[in-house]
Structures are given as C-alpha cells and as structure tokens.
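The next block holds one structure in the form of structure tokens; read it before the comments.
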Amino acid sequence: MTETKLAGPLYAGLFAAQLLAVTCNAFLDIGYGSFGREILFWSVVLGGTLAVGWRQSRKVDGWGGIAQKFVLFFGLLLFVFAFLPLWGMPRAGLYLLAMLQASYNCATAGRRQLHLGLLTSLALVLFAASHYRADWTMLFYILPYLIAAVFTLVASQIGQRSDDLRLTGLARTSSGQGQGAASSAATLSILLLGGVLYLLTPQVSWPYLESRFGQDVPQAPGGELEQAESGGQTGSATTKSQGGTAENSSGGGQGLQWPGMHWPSPQEMRAAAQRPHMPRWQKSAIEELAGFSETLQPAILVVFDWWRWLKQWLREHWLDLMFALLGLILLAVIIAFRHLLRETPWAIWLLSRWDYWYLCRCGRHTAGERGARQYYRAMERLFALGDLPRSRFSNSQEYLAQIRRRHRRHLHTYAEELTQLFEAARYGSDRFGISDLQRMRQLYRDMYRESI
C-alpha cells in the first residue's frame, strides 16, 4: 500500500487517546488536588506537539525537528527536577515515556508513527489499570479511551484503503465520502464483540482493575473463589463477600454479588462520589448511576435467581449436554467432510459415472424441473472433471460462456442446448415435457461419450 498523509480526524483521535491515557494515571492521585492542573498541562503538551506533527504532514520544514528536540530536552528537565521528586519510580519513568511520546508527536506524519503513539498510550493505560489505587471509578476514563483508540485504528485502515483505491483510479467517489459512518459502524461492532467475549470469559476478580496478585482471596463454599472488597476504593464502605450468594437487602450497603464478582452498591457509589477533588461531572454521573442502580436492582436480582437456577440445571444435566455437544460436533464434521468430498477429483469422477449409469442407462430421472436440474448438475460435474467447475456465484449463462472459451465446438453446442432446456424448465415454460427431458438425456449421453 502507498503511504499517504494522515487526515485531521486521525490526529484528533490520537490526541484523545493519549490525553485519556495520561488522565488515567493522573486520576490515581486525585486526592492531592492536582488533577485539573495535570490535565491542563498534558493537554497543552500533547495538543501542541500533535499540531506540529499535523503541520509536518502538510509541509515538511525544519521546524518539526527543532520542536522535537526542544520537547525532548524539556521532558528530561521535568523528569529530573519534577517527576522524580514528586512521584519517584516507576511513575516518574512513566511520565518520562509520555514526554518522549510528546516529542515523537512532532514527527508524526504517517500511519507507523500513529500506531506507535497508540501503542504508547496503551502502555500508559495498562500501568494505571494495574495500580493498587485503581478501581471502578477509572472506567469513566478507560471506556472513552477504548472508543478513541479503536475508532482511530479503524479510521486509519479505512482511510488507507480509500486512498489506495483513489490513487489506482478504482474509486469513483471522493476519498472521504462515507468513511465516518463506516468507521463508526466498525468501531461499534468491534467494541460490542469484545464486550461480549469479555463477559463470556471467566473473570476471577471482575470488575476490579487493580492488581490482586498476593492479596488474600477467601475460599467460598463449593470451591468457588470469592473476591473481598477492593483495597483501592478509597472512601468506599468495607463489605465482605457472603459465600458466593447474590443476596442484597433493599437498604443495605452491600453490592450485587455472584461468585468472583462484587459490584459496588448504591451506597458505595455515593461514597466514592464524595472523594475530595472529584470532578463535578464525574460526581454527578456517579450519583445518577447510583440512582439507576437502585431502580434496576430488583430486576438484576431476578436475573441472578435465574442464573443460579441455570447453574443448578447444568450441574444436573452436564452429562446429557456433553453428549449433545459431541453429537453436534460429529454432525458438523460429517457435513464438512461431505462438502470437502464433493470437491475432490476422484469423488467427482465416481459421481459422473453414477450420473451416466443412473440417468442415461437406467433413465431414472424425475419429471419436470427436478429432472432438468438433475441433468444440469450432471453436466456441471462432467465439466468439473475437465478442470472447469462452476462457481456458486456464476449463473447458467456465465458458466456457458466459460464452457465456450475452454472446450471444442461440438461440446459447447451440446452444453448450450442443454442449458436452454434447463432454463426453460426452471423459469416455468409450459411447453417443457417428457420429450424435452429425453432430449436432455440424449445431449448428456453425447457429452459424456465425447468427454471420455
């Protein structure tokens, strides 16, 4: 593929992904009151450097290299005199990585640099999500990051394909027409599919974000792991898992639970919203989420009851389900083997001999359209032996044109007449009768004898 310049929306998506990545790390220290100032600083740094990169993609000059060196030198100074004294390692090293990426933004003019910028942002998000102070409130920044990153990648691939078609002269429309809708649809499909796969995958500590390695995890009755309350939810009520049950009182402070999961209760959500220096919009959103959770709680409890019933039913009938699953697998293998067998040369050879013996020698064809279809399928297998199989996307006339180009005149004359009779029977000709089937039988017999 030909490398083309990046469109403006790709720079906007990259800026959103990088800013949300550093926001996740700044959110870890929200209790110190510097969250807003950090976001403002990183917005200026990342936005300014990406603006330089956007200018470089349009007009290459020496300003990009100068800006890149300046940002790199400025980042080293911040690492020594600000990041290390304030946070120490490894947070200081992480912010140094962010400054290195900011300097690289000044030279971001192609898709390789774009992908490297997204990869760096992913490393920043993974560090923040694995921190011991990370909890469910960080999802307000991680979910928008996922949307921005996936949308940017999808838009990059669609834009590259559109540019290639335009450069080769195959595109009849402008390069940007319909790309936004296509990118949005693809992003939504990818996120929905990923979310469904994540929910279906067993999660030991879902939905906690912080690392749980080395922490105490009580053993619940029945051998299932129960997750204790997160140590990273500052200001939350301290509750314990109740042996893997999903019990929840109407006014209690215990969240909805099932084995390996504890979702915060409305009271815990409101407690999290009261953390100091929490942004107003996030505090309001958490309050709304708590109210919605209270409204939805009875319905969720009904779902949990059904879930427990389903697990009990699966325990009682697991052997029957295993046999049914094995039967379905065996049926799928048989069907796949049947389709594969029909494509092998020796199977086609046997079928063509059977067609000749059954249709021509014995005359055991059915009446009407079904009989015409039998002779036409037999003709297809006969020509497939000559390395001319019919594509399932080709109609009868297109297949006849291929036969005319590949075979002798008398063979494609037989094929042309047999095709006409087949089309007459298929599309409802009132004149199609026994004599026409006898003619198709004679034509197929002549083709068979000529081909062998």
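The values are calculated or read from the model by the stated rules, or taken from the named source; none is laboratory data. Worth saying up front: this structure is predicted, and the values here are computed from it rather than measured. All Cβ positions, glycine included, derive from the backbone under ideal geometry; neighbour counts span all protein chains shown.
Here are a few things to note about the model shown:
- From HIS262, HIS277, residue being of a type outside the set (S, T, N, Q), closer than 30 Å to PHE27 by Cβ and modelled with pLDDT under 75: HIS262
- Within the range 94-107, being within 14 Å of VAL125 (Cα to Cα) and without any contact (Cβ under 8 Å) to a residue 40 or more places away in the chain holds for one residue alone: LEU97.
- Meets criteria (crowded, with 16+ Cβ neighbours inside 10 Å, assigned to a helix (DSSP H, G or I) and out of contact with any Asp or Glu (no Cβ under 8 Å at 6 or more places or on another chain)) for PHE140: yes
- Residue match in the range 362-377 (condition: without any contact (Cβ under 8 Å) to a residue 60 or more places away in the chain, surrounded by 10 or more Cβ atoms within 10 Å (Cβ to Cβ) and small (Gly, Ala, Ser)): no
- Qualifying helices (runs of 4 or more DSSP H) (wholly inside the range 1-113; at least 3 residues being in contact with a helix residue (DSSP H, G or I) (Cβ under 9 Å, 6 or more places away or on another chain), surrounded by 16 or more Cβ atoms within 10 Å (Cβ to Cβ) and among the hydrophobic types (A, V, I, L, M, F, W, C)): 8-27, 35-58, 63-78, 91-105
- Set side by side, the residues LEU116, LEU124 differ, and just one is hydrophobic (A, V, I, L, M, F, W, C), assigned to a helix (DSSP H, G or I) and surrounded by fewer than 19 Cβ atoms within 10 Å (Cβ to Cβ), which is LEU116.
- When the range 365-393 is filtered for residues that are out of contact with any helix residue (DSSP H, G or I) (no Cβ under 6 Å at 6 or more places or on another chain), closer than 19 Å to ALA425 by Cβ and part of a loop (DSSP other than H, G, I, E, B), the ones remaining, listed by number, are THR366, ALA367.
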